[in-house]
Structure formats: structure tokens, C-alpha cells
Amino acid sequence: MGMVISFTCVTPQELDRAEQDPEWARDFLWKIDEIRPDNPEAYLDKAWAGLEFLLGEADEPLEFLMDGNPIDDEGSLFIWDVESVRDTARRLRALPWERLVTHYDPVRMTEEEVYPNIWDPEDEDEPEYLKGAYETLVSFFEATARSTSAALMSFSF
């Protein structure tokens, strides 16, 4: 499976409960699709580190495992409060993919061992993997910010 990151939109009240009870949060994440089928979610798969690389190179650093606040001992659940969601949405909205992709450098990404270490200078379609993940991320943060909601981030490894 590898290391993957996903985001789920939650209410501020659900965020508070998750912070107090990470086990409740884990269970809640398994049930959210049944509870709210149209709930905004963003599954980044393994593209998260590639996105971190591009964002850092674009002087808009975003470190998924550092910018959220961990709520469990394993480092697998993180909370993003309403203000963090709004700020991230604003920052991502200001950075279109066309500008971000100019920082795509598969040679350097390979040298720096950017996870998942799949960057091939010969593969012209590779940025599309990151583009899809970036569009998903932007859409998630915009929808979540519009609804004045917060986010739970899950890091599976």
C-alpha cells in the first residue's frame, strides 16, 4: 500500500471530538461515507510528497505532516482547524497548476528521493499524476473552507 494521505471535511464540533478521542475519529472516518455521502474528501494517494516538493519550490511550502496537528500517538491522524483550512484554501487558490508544474524536476526529485521515488525524466505523463492530486487538494480545501468546516487528515503507512 505505501504511505498515503487523505483529507475528510468535518464540522468544528466533530473536530473537537476527534481531538479528544482519536479512536472515535478513526471509527468516524470509516463511517463518514454512509453518514454524509456528499462530504468533501481528498485522497492524495502517494502524490503528497511530490506536491510538497512542488509547493516548496514555488515558495508556498505546505508540509502535510507538520502543518496539521497530530492527535494520536502513531502520527496517523491530524486535525486542521477552520482557520487552517481557510488559509490553505487561500494559498492554493492563488497558485494555479500551470505555475506549480514549472517546478517539476524529475531528476532532482529522484536525487532527493522524493516519495514515492517514481520520477522518470522520460515519462511525459508523470506530472499528470501530481496534477490530478493537486486539483483534488485544491477542490477539497475550497469546498471545506466555503462550508466553514475543518478537516481530518489521515496518514496511512
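The values are calculated or read from the model by the stated rules, or taken from the named source; none is laboratory data. Values in this document were obtained by computation on a predicted structure and should not be read as measured data. Positions of Cβ are backbone-derived with ideal geometry, glycine not excepted, and every protein chain shown enters the neighbour counts. Protein only, heavy atoms only, side chains kept; ligands, DNA and RNA dropped before computing areas. Shrake-Rupley method; radii C 1.70, N 1.55, O 1.52, S 1.80 Å.
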Expressed as a whole-number percentage, the relative contact order of the chain with C-alpha contacts under 8 angstrom and at least six residues apart is 41 percent
Across 97, 80, 48, the residue with the highest GNM fluctuation in the chain (Cα network, 10 Å cutoff) is 97
Distance in nm between residue 3 and residue 120 label points, each 7 Å along Cα→Cβ, equals 2.3 nm
Per the 1/(1 + (r/R0)^6) rule, R0 = 22 Å and r from the Cβ atoms of residue 105 and residue 157, FRET efficiency to 0.05 is 0.30
Expressed as a whole-number percentage, the relative contact order of the range 33-114 with C-alpha contacts under 8 angstrom and at least six residues apart is 30 percent
Between residue 113 and residue 83, Cβ-based FRET efficiency (R0 41 Å, step 0.05) works out to 0.80
In Å³ per residue, the alpha-carbon convex hull of the range 20-67 encloses 113 Å³
Under the rule rounded for a/c under 1.5, else prolate if a/b exceeds b/c, else oblate, using alpha carbon gyration tensor axes a ≥ b ≥ c, the range 49-113 is classed as oblate
For the chain, the helices passing both cut-offs (Cα extent along own axis of 20 Å or more, Kyte-Doolittle mean at least 1.6, full DSSP H runs) are none
From the Cα centre of the range 5-58 to that of the range 143-157, the distance in Å is 5 Å
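For the range 5-157, what mean projected area does the convex hull of the alpha carbons give, in nm²?
8.9 nm²
Mind ranking 131, 31 by accessible surface for me, highest first, 1.4 Å probe?
Values: 131 55, 31 95 Å².
Accessible-area ranking of 131, 31, largest first: 31, 131.
Taking K and R as +1 and D and E as -1, what net charge do the other residues with C-beta under 13 Å from the C-beta of residue 93 add up to? The partial results should precede the final answer.
On the way: positive: 86, 90, 91, 99, 146; negative: 60, 87, 135, 142.
That works out to +1.
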